[in-house]
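Written out below as structure tokens is the structure these notes cover.
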Amino acid sequence: MHEEKPQSGLILGAHLSIAKGFDQALFNAAKAGSNAVQIFTKNANTWREKQLTELQIAAFQAAREKTGITEIASHTSYLINIAGADADKTAMSVEALYQELIRCTRLGIPYLVLHPGAHLGDGETAGIQRIADNLNAIFDRLPESPTRVLLETTAGQGSALGHTFEQVAAMGDKITDPDRVGFCLDTSHVFAAGYNLADPDGYESTIGGFDAIVGLSRLHLLHVNDSKKPLGSRVDRHEHIGEGHIGPAAFARLVTDPRLSRIAKIIETPKDKNGKDADPINLTRLRRFYAGEDPVQVLFPVSAS
Ligand code: ZN
Ligand code: FE
Ligand code: FE
């Protein structure tokens, strides 16, 4: 089978399935020419937990050595909400997050991405405090973990927190050991939250603003997705790279931005495009932007006639 060669200087990959095994996700990433990958360590839509076997852990370790892929993120279950006031429900989420962190620790995964949570009417200040308190308690229970929890910027649907850079910064500032957390910026989320990445000045004020308020040194992952929904819609719907409201030019700026070059970029774009696997299409677009091709030409080639 044809194997893509990773471009040096671009740390890029996709969210991949673990259906055929944790190790297979790494092999599939390498086959696609990626030097980064994101996975779930369990079914993200159920509460049911998954215990890892020694065999799975050994196979993952071997696959990591074979592929050389070190930039690995795990995304937490979508059900987890550690910001709510309901003690029983929140305790269930805290336990699920603790199990997520255990799996990542055992697999040696450096990053665990978390949607900070929704305050469900309890208010921003209380929600942010609860997120930090619950994270601090989990870190105390697992003092030796090499896995950093990355708080992801959100679109701000409902009462979801993390739709402003000030909010994520406030969460991070309340963490006792700052080395145990970091941040993940999702382009489609911040755009839906009102940060206008689509426009050149808006791009600059978004990335510059993140640096000023949170700090780019604490940004460890980028989720690179276009948005089906318009600026400020507060609705999270991902679109193929360049085909949504953000558009191709912003992604060309992002992959060539020297401030972001050391940060792994993961696509979470739709998997299907007219019955075809869309990941290679979206990854190739980003690689061509990185190589300096005109982003509009990449998306909408005009044949010379
Ligand atoms: Zn996410
Ligand atoms: Fe994301
Ligand atoms: Fe999303």
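The values are calculated or read from the model by the stated rules, or taken from the named source; none is laboratory data. Owing to the predicted nature of the structure, the values given are computational and were not obtained by experimental measurement. All Cβ positions, even for glycine, are placed from backbone atoms using ideal geometry, and neighbour counts span all protein chains on display. For accessibility, only protein heavy atoms count, side chains too; no ligands or nucleic acids. Shrake-Rupley method; radii C 1.70, N 1.55, O 1.52, S 1.80 Å.
Okay, residues lined up against (1) polar (S, T, N, Q); (2) without any contact (Cβ under 8 Å) to a residue 24 or more places away in the chain; (3) over 21 Å from residue 186 (Cα atoms):
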{"residue": "12", "(1), (2), (3)": "no, no, no"}
{"residue": "34", "(1), (2), (3)": "yes, no, no"}
{"residue": "38", "(1), (2), (3)": "yes, no, no"}
{"residue": "41", "(1), (2), (3)": "yes, no, no"}
{"residue": "53", "(1), (2), (3)": "yes, yes, yes"}
{"residue": "82", "(1), (2), (3)": "no, no, no"}
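Give me the residue from segment 157-203 that is within 14 Å of ligand 3 (Cβ to nearest atom) and open to solvent by 10 Å² or more (accessible area, probe 1.4 Å) and, out of that set, farthest from residue 221 (Cα to Cα).
Within segment 157-203, the first condition is being within 14 Å of ligand 3 (Cβ to nearest atom), and the residues that meet it are 157-158, 160, 162-163, 184-193.
Then keep just the ones that are open to solvent by 10 Å² or more (accessible area, probe 1.4 Å); that gives 157-158, 160, 163, 193.
On the way: 157: 21, 158: 24, 160: 20, 163: 16, 193: 18 Å.
Here the answer is 158.
Each residue in segment 97-108 was checked for being under 16 Å from residue 151 (Cα atoms) and away from ligand 2 (no atom under 16 Å from the Cβ), and 4 of them qualify.
Identify, from the list 228, 271, the residue that is within 16 Å of ligand 1 (Cβ to nearest atom), surrounded by 18 or more Cβ atoms within 10 Å (Cβ to Cβ) and farther than 30 Å from residue 177 by Cα. Please lay out each step first, then the result.
Values: 271 fails: surrounded by 18 or more Cβ atoms within 10 Å (Cβ to Cβ).
Only one candidate passes the filter, namely 228.
Regarding segment 298-305, can at least one residue be identified that is at pLDDT 95 or above, on the phi < 0 side of the Ramachandran plot and open to solvent by 80 Å² or more (accessible area, probe 1.4 Å)?
Step one: list which residues in segment 298-305 are at pLDDT 95 or above, which gives 298-299.
Now narrow it down to the ones that are on the phi < 0 side of the Ramachandran plot: 298-299.
Filter again for open to solvent by 80 Å² or more (accessible area, probe 1.4 Å), leaving none.
No, segment 298-305 contains no residue that is at pLDDT 95 or above, on the phi < 0 side of the Ramachandran plot and open to solvent by 80 Å² or more (accessible area, probe 1.4 Å).
All conditions but one from (1) in a helix (DSSP H, G or I); (2) surrounded by 19 or more Cβ atoms within 10 Å (Cβ to Cβ) apply to residue 154; the one that does not is (1). Restricting the first member to segment 222-238 and to residues that are small (Gly, Ala, Ser), and the second to residues that are within 12 Å of ligand 1 (Cβ to nearest atom), the beta-carbon pairs closer than 6 Å and six or more apart or on different chains are 227/188. What are the residues in segment 277-305 that are touching a Ser or Thr at 6+ places or on another chain (Cβ under 8 Å) and assigned to a loop (DSSP other than H, G, I, E, B), if any? Result: 278, 292. Checking each residue of segment 267-276 against the condition of being part of a strand (DSSP E or B) and closer than 19 Å to residue 198 by Cα gives at least one match.
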